Amino acid sequence: MTHETGLSWLSEQCGEMADLLPGELDCLVEQGPVSTMVLIAGRSVTDLSRPAALQLGRDLRRLLDSALPEETIRTAWVGSTDHVFDPCKEEVGPRVWLERIEAAWLSAESRHTPGFVPPAADPVTDDALRAAVLRAISPVSADLALADQMAQQYNPLPLTDLVPSLEQVVIQVCADLGYRLFLRAMKAYSVAIDEHGREAFVALGRRFGHPDGLVEEGLNMR
């Protein structure tokens, strides 16, 4: 069972095409990434615990309510997952894509719980936690940026720089969401960390109330 929650769970699902359900893989081939992500979002209600499923709605609303530029949202998402799942490949803007995912999530939640009322976004805006996430990113920022640049070499739809985009999610949106997307990017690009780095990441995750597995699972240890 996954330890992931919210939008970082969706990122995890999109990170490995082999993990998609047959219907989702067919949808990816026939309709493209946007429709596939909508399908995946719909099963969050059955695949996740209640807190983790509700977190998806919070994360989506946090980004939709933010003043982040479209390209920053897109880069933070695509950098945290397989580049196959770039909504711009279907000429769909990031906010429109988020709205479609939110609608699918709301529909699934309403079927599961009649009269469902979505939770407040409740972003983590504590300055100390924001600073702690930025400190966690700093030691690996060069390695993560290089890995992202290598991945961009053959990308027909170039992205803005990944690390500054993740930092803007932390600063302007939510420290917790920014941290989880950063961790997904570290795992997606297999950026290596040592034991000291792992311990620091886990300790920070605990400050957000996350289980150690959410942080550790999938990290590239050297």
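The values are calculated or read from the model by the stated rules, or taken from the named source; none is laboratory data. Everything numeric here is computed off the predicted structure, so don't read it as measured data. Counting neighbours? That spans all protein chains shown, and the Cβs are built from the backbone with ideal geometry, glycine included.
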Subset of segment 130-173 that is part of a loop (DSSP other than H, G, I, E, B) and touching a residue at least 24 places away in the same chain (Cβ under 8 Å) - its residue that is farthest from residue 196 (Cα to Cα): 157
Segment 1-30, residues that are under 14 Å from residue 84 (Cα atoms) and touching a residue at least 40 places away in the same chain (Cβ under 8 Å): 10, 11, 12, 14, 15, 16, 17, 28
Any hit, segment 73-88, residues being surrounded by 19 or more Cβ atoms within 10 Å (Cβ to Cβ) and more than 25 Å from residue 187 (Cβ to Cβ): no
Lone qualifier among 44, 110, 66 - being more than 15 Å from the chain's Cα centre (by Cα), among the hydroxyl-bearing types (Ser, Thr, Tyr) and under 26 Å from residue 186 (Cα atoms): 66
Criterion: more than 22 Å from residue 32 (Cα to Cα), surrounded by 14 or more Cβ atoms within 10 Å (Cβ to Cβ) and either within 17 Å of the chain's Cα centre (by Cα) or hydroxyl-bearing (Ser, Thr, Tyr) (or both) - qualifying residue of 180, 100: 180
Criterion (among the hydroxyl-bearing types (Ser, Thr, Tyr), modelled with pLDDT of 95 or more and at negative phi) met by exactly one of 36, 2, 72, 46: 72
Only listed residue being small (Gly, Ala, Ser), in contact with an Asp or Glu (Cβ under 6 Å, 6 or more places away or on another chain) and over 20 Å from residue 183 (Cα atoms), chosen from 32, 115: 32
Subset tally (residues that are under 17 Å from residue 104 (Cα atoms), in contact (Cβ under 8 Å) with a residue 60 or more places away in the chain and in a loop (DSSP other than H, G, I, E, B)) for segment 31-83: 1
Single residue of segment 23-41 satisfying the filter (of a type in the set (A, V, I, L, M, F, W, C), over 17 Å from the mean Cα position of the chain (by Cα) and closer than 17 Å to residue 12 by Cβ) that is surrounded by the most Cβ atoms within 10 Å (Cβ to Cβ): 28
Boolean, residue 121 is surrounded by 14 or more Cβ atoms within 10 Å (Cβ to Cβ), part of a loop (DSSP other than H, G, I, E, B), touching a helix residue (DSSP H, G or I) at 6+ places or on another chain (Cβ under 6 Å) and modelled with pLDDT of 95 or more: yes
Lone qualifier among 173, 169, 215 - being farther than 20 Å from residue 63 by Cβ and β-branched (Val, Ile, Thr): 215
Complete set of residues in segment 174-200 that are touching a Pro at 6+ places or on another chain (Cβ under 9 Å) and either within 20 Å of residue 7 (Cα to Cα) or in a helix (DSSP H, G or I) (or both): 174, 175, 176, 177, 197, 200
